[in-house]
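Participant: Can you keep this structure in mind? I'll have questions shortly.
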Amino acid sequence: MKKVILGIETSCDETGAAVVLYDNGKVKLLSNALSSSASIQAKYGGVIPEKAAREQLKSIIPVIKEALSQSQIKTDELSAIAVTYGPGLIGSLLVGVETAKTLSFVWDKPLIPINHLLAHFYANWIGDGITIPQFPSLGLLVSGGHTDIVLFKNQHQYNYLGGTRDDASGECFDKCARLLNLDYPGGPNLSKLATNGDPSRFAFPRPMINSNNFEFSFSGLKTAVANLVLSQKPDKLFKDSVFKADLAASIEEAICDILVEKTVKAVKRFKIDQIMIAGGVAANLRLRKKLKENPFLTHAKLFIPPISLCTDNAVTTATAAIFNDNPINPLKLEANPELTL
Ligand code: KG4
Ligand code: ZN
């Protein structure tokens with residue numbers, strides 16, 4: 001069956017709209033429009049929810065128009081509108097949800113609500129000539145707000161194995177980056193700095209790495225980094241570029257070690273041979289390399305999204321809707337900032 005879906009995503013500081021076509025069992029990306037308030041947020045070192053929502057109010061209609069015009073799809077050709085309804089920042093979610101509800105009503109198109117966490121995994125379904133994940137499959141979600149391990153039985157049924165007790169892995173990247181005086185968003189900046197660093201110079205703790213469960217904890221690692229930074233002379237961070245690169249590499253190594261170890265534990269426990277990773281931190285090159293090269297994972301098929309689709313975008317929202325085609329009465333949809341997997 002052929003479907004054309006317009007996706008709308010506004011869970012955090014991005015405003016995304018995208019059109020995807022599903023034909024002959026394949027997902028084709030027709031357009032991907034994205035506007036980010038990251039440069040505005042950078043001044044404050046993190047996302048200010050009120051500012052994010054105000055920027056999204058300004059950009060949502062131009063972004064949707066851009067997605068439609070790039071795709072060369074007319075509104076009457078759309079099969080449905082998909083929208084992220086949670087989790088995320090409430091002000092931001094409301095912009096996307098209320099816009100989608102209005103468009104669904106005015107254009108008389110079905111409205112499909114999408115859980116943003118689930119949507120991240122659908123980045124693994126997009127691309128020319130790719131093999132798509134089969135089931136059962138292990139899912140590792142590593143984003144700014146979440147770090148979760150899930151065992152998918154099929155597209156619609158999954159067991160939640162565990163998640164973080166405190167900070168998410170992306171949050172740990174961002175908070176450590178801030179301690180190193182790096183600009184927001186910290187993850188990619190810390191990772192860039194780490195490229196030439198020595199990952200073994202600082203032996204940071206890897207909390208819960210050996211715990212007999214699938215839970216994570218990153219706040220102790222962040223505290224250890226804060227203590228080390230505070231124990232140094234203030235200008236060390238500004239002048240000693242080797243120190244800074246080694247510090248970044250050691251932080252990145254510790255975060256990645258924890259993520260890889262828990263993945264290995266789940267693969268062994270559930271005898272799984274398909275692994276999907278997803279979320280902003282899935283763009284991290286060290287994590288990708290460590291997963292690919294881990295001797296306990298070589299038998300498994302590893303699905304890693306294209307870097308451009310790891311962070312928030314509406315392509316994954318639209319793609320998730322192809323496979324989770326459960327429309328809702330537009331008048332009944334409410335944003336849910338606390339939605340979980
Ligand atoms: O999935 P995402 O765009 O937003 C959420 O749903 O949270 O993830 C954003 C997170 C941020 O914490 C960002 O620093 C992190 O992903 N991130 C990275 C990299 N690119 C993005 N972390 C480490 N290395 C990267 N290359
Ligand atoms: Zn996200």
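The values are calculated or read from the model by the stated rules, or taken from the named source; none is laboratory data. On a predicted model such as this, the values are computed, not experimentally measured, just so you know. We place every Cβ from the backbone using ideal geometry, glycine too, and count neighbours over all the protein chains shown.
Participant: Any chance the stretch 230-243 includes a residue that's crowded, with 22+ Cβ neighbours inside 10 Å, under 23 Å from Gly170 (Cβ atoms) and outside the structural domain of His116 (by TED's automatic domain parsing)?
Facilitator: no
Participant: Return the residue satisfying two criteria in turn: it lies in the stretch 175-189 and is away from ligand 2 (no atom under 13 Å from the Cβ) and not in a loop (DSSP other than H, G, I, E, B), and of such residues it is surrounded by the most Cβ atoms within 10 Å (Cβ to Cβ).
Facilitator: My answer is Cys176.
Participant: If you don't mind, another one. Out of all the residues in the stretch 74-94, which are touching a residue at least 60 places away in the same chain (Cβ under 8 Å) and farther than 23 Å from Val4 by Cβ?
Facilitator: Gly86, Pro87, Gly88, Leu89, Ile90, Ser92, Leu93, Leu94, listed by residue number.
Participant: What residue, among those in the stretch 109-122 that are among the aliphatic types (A, V, I, L, M) and part of a helix (DSSP H, G or I), is farthest from ligand 1 (Cβ to nearest atom)? Step through it out loud before you land on a result.
Facilitator: First pass over the stretch 109-122, keeping only residues among the aliphatic types (A, V, I, L, M): 111-112, 114, 117-119.
Going one step further and asking which of them are part of a helix (DSSP H, G or I), we end up with 117-119.
Details: Leu117: 8, Leu118: 12, Ala119: 9 Å.
Per the criteria, the residue is Leu118.
Participant: Between residues in the stretch 22-34 that are closer than 13 Å to Thr319 by Cβ and residues that are β-branched (Val, Ile, Thr) and not in a strand (DSSP E or B), which pairs lie under 7 Å by C-beta distance while being six or more apart or on different chains?
Facilitator: Note: pairs meeting the criteria are Tyr22/Ile322; Val27/Ile126; Val27/Thr319; Val27/Ile322; Leu29/Ile126; Leu29/Val315; Leu30/Ile73; Asn32/Val315.
Participant: Of (1) buried (at least 24 other Cβ atoms within 10 Å of the Cβ); (2) not in a helix (DSSP H, G or I), Thr263 satisfies all except one. Which?
Facilitator: The one condition Thr263 does not meet is (2).
Participant: A further question follows. Confirm whether Phe238 is in a loop (DSSP other than H, G, I, E, B), out of contact with any Gly (no Cβ under 8 Å at 6 or more places or on another chain) and among the aromatic types (Phe, Trp, Tyr).
Facilitator: No; evaluated as a whole, the condition is false for this residue.
Participant: Regarding Ile277, is this residue without any contact (Cβ under 8 Å) to a residue 60 or more places away in the chain, within 16 Å of ligand 1 (Cβ to nearest atom) and touching a helix residue (DSSP H, G or I) at 6+ places or on another chain (Cβ under 9 Å)?
Facilitator: Judged against the criteria, Ile277 is not a match.
Participant: Hey, does the stretch 226-242 have a residue that's among the charged types (D, E, K, R), within 16 Å of ligand 1 (Cβ to nearest atom) and in contact with a helix residue (DSSP H, G or I) (Cβ under 8 Å, 6 or more places away or on another chain)?
Facilitator: No: the stretch 226-242 contains no residue that is among the charged types (D, E, K, R), within 16 Å of ligand 1 (Cβ to nearest atom) and in contact with a helix residue (DSSP H, G or I) (Cβ under 8 Å, 6 or more places away or on another chain).
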